[in-house]
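The values are calculated or read from the model by the stated rules, or taken from the named source; none is laboratory data. Nothing here was measured: the structure is a model prediction, and the numbers come from that model. Neighbour counts are summed over all protein chains in view; Cβ atoms, including those assigned to glycine, are modelled from backbone coordinates with ideal geometry.
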Amino acid sequence: MSTSWSPETALKRRDFLVLFLVALAVGLVLMALERVPGYMDADYYYSGGLQLAHGHGFNDMLIWNFLDQPAGLPHPSNSYWYPLASIVAAGGMLLTGQASFAAARLGFLLANSLAPLVVAALAWKLCHRRPVALVAGCLAIFSGYYLPFVVTTDNYSLYLLVGGLFFLLLERIDFGRALLLGLLAGILNLARGDGLLWLPLTLAAVTLLAYREAKAGPVWTRGGRAASSGLAALLGYLAVMGPWFVRNRIVFGSFLPPGSGHVLWMTSYNQIYSFTPQAYTFQTWLASGWHSLLADRLQALGQNLSTAFFAEGAIVLVPLMLAGIWKYHRSFRVQVSVAGWTLVLLAESLLFPYASVSGGFFHAGTAFQALGFALAALGLEALLDRLLHDRRQALPLAALSRMAVVLVLVIFSALLVKIRVFDRGWTEGEYVYQAVDAYLQAHGAPAQAVVLVRNPPAYFIMSGRPAVVIPFGGVDSLLAAARRYGAGYVLLEKGGVGRPLQDLYEHPENYPEFSSLGTFDDTLILSIHASP
């Protein structure tokens with residue numbers, strides 16, 4: 001069937017305006033519902049933004065892991081998570097002159113409001129049909145599992161927008177466009193450590209595209225154009241990441257943060273909180289046995305494919321995305337996207353299996369979602385083209401089908417917001433921490449006394465008090481961390497206490513190094529009086 005049964009094929013300015021305003025309204029509703037960051041990642045990025053906005057630079061008054069064996073507080077920030085989200089959060093606070101969570105989210109709100117426009121433009125570039133582009137933009141607004149996270153201080157909306165811009169630009173190549181693609185790859189890396197994968201993906205894409213476009217002339221001419229495009233992309237990437245690498249070199253003595261390599265040799269996610277990460281080496285990794293190592297990676301691959309089906313594909317969009325990929329498999333954008341997504345899936349599953357199933361792959365996949373939403377709309381249209389043969393019925397049935405898909409995703413997204421924000425509670429103890437700190441002050445805790453706690457970023461943003469994560473392990477590790485960082489108190493939360501500390505939570509009287517100050521909302525508050 002012909003694809004010309006829509007009477008309107010050109011996108012209009014008002015289409016972009018409507019998409020922007022609807023996304024903005026949805027984002028404002030989410031901001032009203034989510035009054036705190038909601039989980040450790042977002043807590044950390046917000047705390048980093050606060051430090052930047054207050055003029056303290058890239059330094060933390062908290063420690064959430066010991067991978068770089070921090071000497072004390074303050075401590076150089078972003079030794080594991082990368083700084084883009086904190087920079088964006090600080091920008092909102094500096095722009096408004098208010099060091100508040102609402103101000104910190106302005107950049108994320110803007111990114112989330114612009115992303116549907118990019119998704120619509122992507123769909124338009126591929127098929128030149130206005131209804132398809134509008135459906136794609138709506139899918140980006142009501143993004144399923146991603147929707148609860150798009151306006152908090154995390155990388156979701158930034159990744160969605162920048163990833164969409166990357167594929168929108170990946171059409172033809174010249175020096176300037178290759179430079180821009182390199183800049184976008186650098187921004188993706190500045191957001192997340194696994195964003196480093198975008199460098200080889202970008203270099204391969206721009207050089208191959210340049211070589212393909214230079215159809216005439218000798219091989220060395222085509223190779224020269226490909227090389228110059230690759231060089232431009234590399235320069236763009238280094239324009240963003242170069243200063244950060246220099247900062248790392250000055251602060252840590254290496255271009256990449258020290259200690260991050262230990263993660264490669266860990267055999268469970270909780271080991272990331274170990275007080276002695278240097279104990280995890282290639283030899284200890286091998287000692288766990290090939291059968292166990294392979295089983296963990298296969299399990300991670302399976303779980304990440306499940307994430308792709310339920311989260312990235314929102315269940316109902318999966319067959320439409322696959323239909324879109326099949327229909328447009330000759331598109332260079334689609335080919336690069338499939339190759340890049342596969343690269344991220346394998347790297348996350350095989351190199352970092354425990355972190356990937358704890359949210360790493362869910363985060364990393366967001367950069368491909370813009371094209372994914374566009375492909376879902378394109379796949380729907382491809383199915384309609386095949387199924388609708390009566391030209392008199394095609395237009396109303398197609399319109400009804402598009403509205404049905406969007407409505408299903410709206411309901412699905414609203415349900416997920418309800419579950420994540422209301423049913424589970426959009427906090428990781430932030431308000432409890434605020435109340436607990438008031439309790440500590442009432443019991444004579446000095447203003448700068450350090451606490452050991454499950455979620456140090458949340459405790460810091462809610463109280464301003466220095467905080468250190470409770471290390472993975474038992475009481476000995478807890479006391480070692482307390483001695484090194486001068487912690488005077490430890491907070492043990494019900495449900496957040498690992499088995500090695502369960503007895504301390506239930507029977508603190510058996511441990512002479514601690515004195516109980518009482519329990520507040522199932523959080524046991526202990527003072528530490530062991531000799532430093």
Quiz item: Counting just the residues of region 347-386 that are among the hydroxyl-bearing types (Ser, Thr, Tyr) and surrounded by 24 or more Cβ atoms within 10 Å (Cβ to Cβ), which one comes out farthest from Pro200 (Cα to Cα)?
Solution: Ser356
Exercise. Search region 407-442 for residues being hydroxyl-bearing (Ser, Thr, Tyr) and part of a helix (DSSP H, G or I), and hand back the single one that is nearest to Gly379 (Cα to Cα).
Key: Ser413
Practice problem: Please determine, by comparing only the residues of region 100-132 that are modelled with pLDDT of 95 or more and assigned to a loop (DSSP other than H, G, I, E, B), which one is nearest to Ala376 (Cα to Cα). | Solution: Arg105
Self-check item: Criterion violated by Ala445 - all others in (1) in a loop (DSSP other than H, G, I, E, B); (2) within 34 Å of the chain's Cα centre (by Cα) satisfied
Solution: (2)
Quiz item: Scanning region 38-62 for residues that are among the aromatic types (Phe, Trp, Tyr) and not in a helix (DSSP H, G or I), which turns out surrounded by the fewest Cβ atoms within 10 Å (Cβ to Cβ)?
Solution: Phe58
Quiz item: Consider Ala204 against the criteria (1) surrounded by 17 or more Cβ atoms within 10 Å (Cβ to Cβ); (2) closer than 24 Å to Trp244 by Cα: it satisfies all of them except one. Which criterion is unmet?
Solution: (1)
Quiz item: Wholly within region 456-530, which helices (runs of 4 or more DSSP H) include no fewer than the required count, namely at least 1 residues that are assigned by TED's automatic domain parsing to the domain that holds Ala71 and either under 22 Å from Gln69 (Cα atoms) or modelled with pLDDT of 90 or more (or both)?
Solution: none
Exercise. Just need a number here: residues in region 160-209 that are outside any helix (DSSP H, G or I), in contact (Cβ under 8 Å) with a residue 60 or more places away in the chain and farther than 13 Å from Leu84 by Cβ.
Key: 2
Quiz item: Just to be sure, is Phe412 of a type in the set (Phe, Trp, Tyr) and in the same structural domain as Ala311 (by TED's automatic domain parsing)?
Solution: yes
Exercise. Report the residue count in region 210-233 for those that are under 26 Å from Leu84 (Cβ atoms) and either out of contact with any helix residue (DSSP H, G or I) (no Cβ under 6 Å at 6 or more places or on another chain) or exposed (fewer than 14 other Cβ atoms within 10 Å of the Cβ) (or both).
Key: 1
Practice problem: Go over the candidates Gly488, Gly518 one by one and state the one that is within 34 Å of the chain's Cα centre (by Cα) and not aliphatic (A, V, I, L, M). | Solution: Gly488
Quiz prompt | Checklist (1) out of contact with any Gly (no Cβ under 6 Å at 6 or more places or on another chain); (2) surrounded by fewer than 19 Cβ atoms within 10 Å (Cβ to Cβ) applied to Gly91, failing item | solution = (1)
Exercise. Name the single residue, out of those in region 63-91 being outside any loop (DSSP other than H, G, I, E, B) and over 22 Å from Asn189 (Cβ atoms), that is farthest from the chain's Cα centre (by Cα).
Key: His75
Exercise. Scan region 309-333 residue by residue and report those that are hydrophobic (A, V, I, L, M, F, W, C) and crowded, with 22+ Cβ neighbours inside 10 Å.
Key: Ala314, Leu317, Leu320, Met321
Exercise. Considering only residues that are among the aliphatic types (A, V, I, L, M) and in contact with a Ser or Thr (Cβ under 7 Å, 6 or more places away or on another chain), look in region 256-308 and name the one that is surrounded by the most Cβ atoms within 10 Å (Cβ to Cβ).
Key: Ala300
Quiz item: Is it fair to say Ala404 is in a helix (DSSP H, G or I), surrounded by fewer than 19 Cβ atoms within 10 Å (Cβ to Cβ) and among the small types (Gly, Ala, Ser)?
Solution: yes
Exercise. Would you check if there is a residue in region 303-310 being of a type in the set (A, V, I, L, M), in contact with a Gly (Cβ under 8 Å, 6 or more places away or on another chain) and either within 30 Å of Ser77 (Cα to Cα) or modelled with pLDDT of 95 or more (or both)?
Key: yes
